[in-house]
């Protein structure tokens, strides 16, 4: 992905390594900071693979690079393909909830409550930060994080509801409540 991002930065004109690093960070906002060593290592592999070529040095002795025809073809292929999302459910939040429910190593409701609290804090932080985003890239990163965090909160509600339905919470006796102060299957926002 870094490789293709660097290729995209070379489409308009030739550039040197630190210039690519700076433009990459400008384009991606504060979400992704590159190490200059990573940039030059990647450029070396790209040159070896024939997707860029070195043009010698600029007037200040910095090595310049430009994209090749093969590099443009690779970039076009990358930009033209959808990012495949895995159906894998390997996620630490899911793992914690499932293992707590399956093993009783911790009360499932507590594991869910801790994650819900962290997600709510993150949601508050990112929502506040969104109003002062300094660039379109930063705003888009924050918007995505807000959406992902909202999805996690919805999943935690579903997980809690499923645990109540399957009597996998701490107190499986009839009439037991889910999250403190809520009926089983209702989130805090759905109080009767």
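Here, each number is a calculation from the coordinates, and none is a lab measurement. A quick note: this is a predicted structure, and the numbers were derived from the prediction, not measured. When we count neighbours, we look across all protein chains shown, and the Cβ atoms used for this are built from the backbone with ideal geometry, even at glycine.
Data table
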item: Per-pair calculated FRET efficiency, R0 = 22 Å: residue 12 and residue 79 via Cβ, rounded to 0.05; result: 0.90
item: Segment 1-96 shape via C-alpha gyration tensor axes, a/c threshold 1.5; result: prolate
item: For segment 1-37 and segment 54-103, distance of Cα centres in Å; result: 13 Å
item: Net lengthening on full extension, residue 128/residue 114 (0.36 nm per residue, minus Cα-Cα); result: 2.9 nm
item: Rounded FRET efficiency, nearest 0.05, which uses the C-beta distance separating residue 165 from residue 135 and R0 of 41 Å; result: 0.35
item: Helical contribution to [θ] at 222 nm, DSSP H n ≥ 4, -39,500 (n - 2.57), averaged over the chain, rounded to 500; result: -19000 deg cm²/dmol
item: Full-stretch length increase - residue 53, residue 2 - with 0.36 nm per residue and alpha-carbon distance subtracted; result: 16.7 nm
item: Stretch gain in nm, segment residue 151-residue 41, where the contour uses 0.36 nm per residue and the Cα spacing is subtracted; result: 35.9 nm
item: Label selected from (i) 50; (ii) 26; (iii) 20, the criterion being percent of Cα pairs over 28 Å apart as computed here; result: (i)
